[in-house]
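The values are calculated or read from the model by the stated rules, or taken from the named source; none is laboratory data. Since we're looking at a predicted model, the values are computed, not measured. All Cβ positions, glycine included, derive from the backbone under ideal geometry; neighbour counts span all protein chains shown. Areas reflect the complete protein model, heavy atoms only, side chains present, ligands, DNA and RNA absent. Shrake-Rupley method; radii C 1.70, N 1.55, O 1.52, S 1.80 Å.
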Amino acid sequence: MTGREALLTLERLRSATGGAAAAQKRACLAVLARRYVRGARAVERLHEALCFLRAHPDDAGVLADVTAMLASFSRRSDLRRHAHALESTGIAGTAIRFSFYAGTARWLAARWGNRLTVDWKAFANREALERVFPLISLFSETPGLDELDLGVRGWVKRLKGRDETDAAFLIRRLAALGRDSFENEWAYEALDLPLVLAPGPGGPSRTEAAAEVPAVSFRTAPLDGGRPDVRREVACPPVRVVPATSAEGRRFLDLAREAMITRQRDLDVFQWGDPHDVRLAHFPDGLTFVVIGAVPERRLLLESVYGFLTLKNGVPVGYVLVSALFGSSEIAYNVFETFRGGESGRIYGKALALTRHLFGPDVFTIFPYQLGGYGNPEALASGAWWFYQKLGFAPRAPRVVKLMKEELARMKADPKHRSTLATLKVLASENLYFHLGKKRDDAIGLLELPNVGLQVTDMLARRFGSDRERAEAVLILEARDLLGLKSLSGWSEGERLAFRRWAPLVTILPGIARWSAAEKHALTAVLRAKGGRRESDFVRLFDRHRKLRRAVATLAKGSPT
């Protein structure tokens, strides 16, 4: 076979199983290991086929062949020939270009700072960076900075050390700005620095990205491409959920960040992940979710947000973003392009089952972006809305319900009917919901949680005006008095932070002065859990506190003026 014939055959056998299929795949791999393929697109196709087979190997022989080819992929002559055309694919041996978030940029600079540079041709905020120079320099340098025009790039070259790149210098110096990570993040991301990460040994890349697994699950049957029965799936918990050690947590966080940056993506909960709040949720057939929570300072006031990195035989194949509160969860689900069309439906069912196991929701919410709304043309074109509708998710907005019924009637009359993009845009403009029990209105997406913040703002403006620092100090004392807390002695730093953030809200909870001592004590436990080791504990405690749920829901339903 030629390299082209071997690649086409390998792609055709993607879903085939059995001894004969495995033998054919190995024959193709043997050809492709010693022959080059023509064109950048063919090189990328070969890479994706290898990654897919690593996640779904037929047997130990196929896995060994694929692993060896991926380990040497960056040395292939066809890859080196087309490395420039394959930039930002995440393939080993190619560069990555992206304007990463502050936390991710610092992570990259700490590990591969010698390979990280600024793409000055693409940089559009030179005047803004020039105004920052005095803030990242010593005052004794200002005579030169004030008077000499070396140009932005020239000044960075002059300011940085001999052994550091322009990007590493700027990232490290900009990290010193601001009182905390939020102000630093604002200062860094306002510049929108376009970065280039050159290829080199040790990653990051998609090519060899995989976690070690105790045992590989080999394919013995075709991949399950069907739609899951949501009610049945959520009743089947993971085989086991195992807490990771801090060292393991850091390794899995690195793997999650690599999985995103090599696909020109960034996710807050991975960027600010807490190595002390990482768990492994194992399902059959080599499927594992790495459950990652955020460090206390990066947690939201109300909902808890977790990221799941989806692994198949240790290979990252996608991710899930979950927020939970009020016995409900919003689910954002993504399968990386290489692995779509395989087990996407099955994995989604397991993601719902894990969410149910961790947080106990009986309502699942999907926001419009996942469906194709809010500027997500990829989801719109894929018909994602109908995928979720066929799983049992349904709209509640009257205009969307009406349009859905009309479309269903058209499909019944003409099985070939397909919704137009214009129709899908309307359908995808509102949330979808799946209620395991009776429909209710106090769930994420139905409760106007932003109103809670507005209620706090109205109180602060009325009582303290611009003196927010005094407001915080006074309200911490008032919240302590309300809850009968003489001090916060013995509380961790994260728990103290959560109490400080919640104090203004505590003081305006409807009826809290009339709560019993036990109810106030339970609220104290809720607040400590918000800043504790696992934020998922906060969700469980909040949802069990009926008066707290009712009070926050009342604020959400209010109309601040």
Given the condition of a type outside the set (Asp, Glu), under 22 Å from ARG299 (Cβ atoms), open to solvent by less than 40 Å² (accessible area, probe 1.4 Å) and in contact with a strand residue (DSSP E or B) (Cβ under 7 Å, 6 or more places away or on another chain), answer yes or no: does some residue in the stretch 509-519 qualify? no
If I filter the stretch 54-93 down to residues being surrounded by fewer than 17 Cβ atoms within 10 Å (Cβ to Cβ) and of a type in the set (S, T, N, Q), which single residue comes out as farthest from THR165 (Cα to Cα)? THR67
Name the residues in the stretch 211-244 that are open to solvent by 30 Å² or more (accessible area, probe 1.4 Å), touching a strand residue (DSSP E or B) at 6+ places or on another chain (Cβ under 7 Å) and not in a loop (DSSP other than H, G, I, E, B), would you? ARG240, VAL241, VAL242, PRO243
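Is it the case that PRO284 is in contact (Cβ under 8 Å) with a residue 40 or more places away in the chain and more than 26 Å from THR89 (Cα to Cα)?
Answer is yes for this residue.
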Which numbered condition TRP112 misses (of (1) touching a helix residue (DSSP H, G or I) at 6+ places or on another chain (Cβ under 8 Å); (2) in a helix (DSSP H, G or I)): (1)
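Conditions tested, residue by residue: (1) of a type in the set (Phe, Trp, Tyr); (2) more than 13 Å from LEU436 (Cβ to Cβ); (3) open to solvent by 10 Å² or more (accessible area, probe 1.4 Å); (4) touching a residue at least 24 places away in the same chain (Cβ under 8 Å).
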| site | (1), (2), (3), (4) |
| --- | --- |
| SER328 | no, no, no, yes |
| ASN334 | no, yes, yes, no |
| ARG346 | no, yes, yes, yes |
| PRO361 | no, no, no, yes |
| THR365 | no, no, no, yes |
| LEU371 | no, yes, no, yes |
| SER382 | no, yes, yes, no |
Can you name the number of the only condition in (1) open to solvent by 20 Å² or more (accessible area, probe 1.4 Å); (2) closer than 29 Å to LEU195 by Cβ; (3) among the β-branched types (Val, Ile, Thr) that ILE96 fails? (1)
Let me confirm something: among SER492, SER487, which residue is surrounded by fewer than 16 Cβ atoms within 10 Å (Cβ to Cβ) and within 29 Å of the chain's Cα centre (by Cα)? SER492
Taking first residues from the stretch 117-140 that are in contact (Cβ under 8 Å) with a residue 12 or more places away in the chain and second residues anywhere that are of a type in the set (Lys, Arg) and assigned to a helix (DSSP H, G or I), the pairs with Cβ under 7 Å that are 6 or more apart or on different chains are TRP120/ARG153; ILE136/ARG173
If only one of GLU248, GLU258 is part of a helix (DSSP H, G or I), more than 16 Å from VAL320 (Cβ to Cβ) and within 15 Å of the chain's Cα centre (by Cα), which one is it? GLU258
Subset of the stretch 274-293 (residues that are open to solvent by 10 Å² or more (accessible area, probe 1.4 Å) and assigned to a strand (DSSP E or B)): ASP274, PRO275, HIS276, ARG279, LEU280, HIS282, PHE283, THR288
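Given the residues GLY286, GLY307, which is the only one that is within 20 Å of GLU343 (Cα to Cα), of a type in the set (Gly, Ala, Ser) and more than 16 Å from the chain's Cα centre (by Cα)?
GLY286
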Condition test on ARG265, is it of a type in the set (D, E, K, R), farther than 27 Å from ARG533 by Cβ and not in a helix (DSSP H, G or I)? yes
Tell me the residue from ARG528, ARG549, ARG534, ARG501 that is touching a residue at least 12 places away in the same chain (Cβ under 8 Å) and within 27 Å of ARG440 (Cα to Cα), please. ARG549
Give the residue, chosen from LYS390, LYS405, that is within 26 Å of GLU233 (Cβ to Cβ) and open to solvent by 80 Å² or more (accessible area, probe 1.4 Å). LYS390
Any residue in the stretch 51-59 that is part of a helix (DSSP H, G or I), touching a strand residue (DSSP E or B) at 6+ places or on another chain (Cβ under 6 Å) and touching a residue at least 24 places away in the same chain (Cβ under 8 Å)? yes
Identify all residues within the stretch 255-273 that are surrounded by fewer than 21 Cβ atoms within 10 Å (Cβ to Cβ) and without any contact (Cβ under 8 Å) to a residue 40 or more places away in the chain; write none if there are none. ARG265
Please verify whether the stretch 12-25 includes one or more residues that are open to solvent by 10 Å² or more (accessible area, probe 1.4 Å), touching a residue at least 24 places away in the same chain (Cβ under 8 Å), in contact with a Pro (Cβ under 7 Å, 6 or more places away or on another chain) and not in a helix (DSSP H, G or I). yes
Going through the stretch 37-53 in order, the residues found to be in contact with a helix residue (DSSP H, G or I) (Cβ under 7 Å, 6 or more places away or on another chain) and either surrounded by 17 or more Cβ atoms within 10 Å (Cβ to Cβ) or of a type in the set (S, T, N, Q) (or both) are VAL37, ALA42, VAL43, LEU46, HIS47, GLU48, ALA49, LEU50, CYS51, PHE52, LEU53
Residue ID - most open to solvent (accessible area, probe 1.4 Å), chosen from residues in the stretch 294-316 that are over 28 Å from LEU53 (Cβ atoms) and in a strand (DSSP E or B): VAL305
PRO243 meets each of (1) at pLDDT below 95; (2) under 22 Å from the mean Cα position of the chain (by Cα); (3) farther than 30 Å from ALA64 by Cβ with one exception, condition (1)
Given the structure, is GLY113 farther than 20 Å from PRO201 by Cβ, of a type in the set (Gly, Ala, Ser) and surrounded by 13 or more Cβ atoms within 10 Å (Cβ to Cβ)? no
Which of the helices (runs of 4 or more DSSP H) contained wholly in the stretch 118-210 include at least 3 residues that are open to solvent by 30 Å² or more (accessible area, probe 1.4 Å) and closer than 27 Å to ARG298 by Cα? 181-191
Filtered residues of the stretch 521-552 (kept if farther than 30 Å from PRO275 by Cα and surrounded by fewer than 19 Cβ atoms within 10 Å (Cβ to Cβ)): ARG546, LYS547, ARG550
Subset of the stretch 454-471, residues under 30 Å from GLY327 (Cα atoms) and open to solvent by 40 Å² or more (accessible area, probe 1.4 Å), comes to LEU454, GLN455, THR457, ASP458
